[in-house]
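S.K.: First the structure, then my questions, so here it is.
The values are calculated or read from the model by the stated rules, or taken from the named source; none is laboratory data. Worth saying up front: this structure is predicted, and the values here are computed from it rather than measured. Glycine also receives a Cβ, built like all others from the backbone with ideal geometry; neighbour counts cover every protein chain displayed.
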Amino acid sequence: MDFYGPNGAGKSTTMNMLTGYIEQTEGDIIIDGYDMLKRPKKAKKEIGYMPEGVPLYTDLTVKEFVTYMAEIKKVDRKTRKERVEKIIEQTGLKDVEKKLIKNLSRGYKQRVSMAGALVGEPKILILDEPTVGLDPKQITEIRNLIKELGKTHTVILSSHILSEVSQICNKVIIINKGKLVAIDTPENLENKVSNKNCIYVTVEDTENKMKDIKDKIKDISKLELIKENEDGTKEYMIESKEGIDLRKILFTELAKENITIFEMKKADSTLEEAFMKVIEGGNK
């Protein structure tokens, strides 16, 4: 699950309330059946939290830090060493387990923070902006790790990066100005703004005949020039009536008019479009 919203929307505040770091002013927070205010120790035991900013004890080695976190989380002494080794392996830290945290890259520090969150065997893993400040390779590695963890844990993450939400999450909560404005899957949110009868076509039209195509193809409800390219081609957006697929018709009719098709594609809706539609609707 993902909490999504622009900076200042209330994502980190929500995370801090879920973990019990700050108390909510109203409502209830129930973690695996435990009320965060009434039974905080029981509730917090079910949570592994990776805060934004990667706060770590940088003068410890990786293994020392994960072991220390295991002690704090009261991992049984008999299984503590084995548990630490397993988490270090799982988070890809084996090669750097003896290095001081302060000498690690930002990407490895993120992994160390995640290892600390995982070592207590929580059912719920809460990640606040887990890929902020990482380079593209590190982002890919952390995203893959999160997807793997999602197979065995409930993962809740906050992000203002929509591409990340689409790639990782199966449910999205959109927050705007501190208020919850949508809960759904990324696919459903995208489908709500999709236009299944919209096609983008790039053509070479030396005789300028595209302007008359709408009159020749009656199923076209809208034809709009989007841009003119440097190579002389033009990109058009073409909408059709409900239930009509224009692609075959366009190939035939444009050929008759000596209009060469360079590219044709159906419009893909995006989570960005869904987010903007939800936010605009909430601001009315």
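S.K.: Does at least one position in region 167-180 carry a residue that is over 14 Å from the mean Cα position of the chain (by Cα), polar (S, T, N, Q), farther than 24 Å from GLY48 by Cα and not in a loop (DSSP other than H, G, I, E, B)?
M.R.: Within region 167-180, one or more residues are over 14 Å from the mean Cα position of the chain (by Cα), polar (S, T, N, Q), farther than 24 Å from GLY48 by Cα and not in a loop (DSSP other than H, G, I, E, B).
S.K.: Only one of these conditions is not met by LEU254: (1) in contact (Cβ under 8 Å) with a residue 40 or more places away in the chain; (2) in contact with a Ser or Thr (Cβ under 6 Å, 6 or more places away or on another chain); (3) surrounded by 15 or more Cβ atoms within 10 Å (Cβ to Cβ). Which number is it?
M.R.: (2)
S.K.: Run down GLU85, GLU26, GLU89 and say which single residue is over 21 Å from the mean Cα position of the chain (by Cα) and at pLDDT below 90.
M.R.: GLU26
S.K.: In contact (Cβ under 8 Å) with a residue 60 or more places away in the chain, under 25 Å from ARG143 (Cβ atoms) and small (Gly, Ala, Ser): does that describe GLY92?
M.R.: no
S.K.: Just checking, how many residues over region 91-137 are among the polar types (S, T, N, Q) and surrounded by 18 or more Cβ atoms within 10 Å (Cβ to Cβ)?
M.R.: 4
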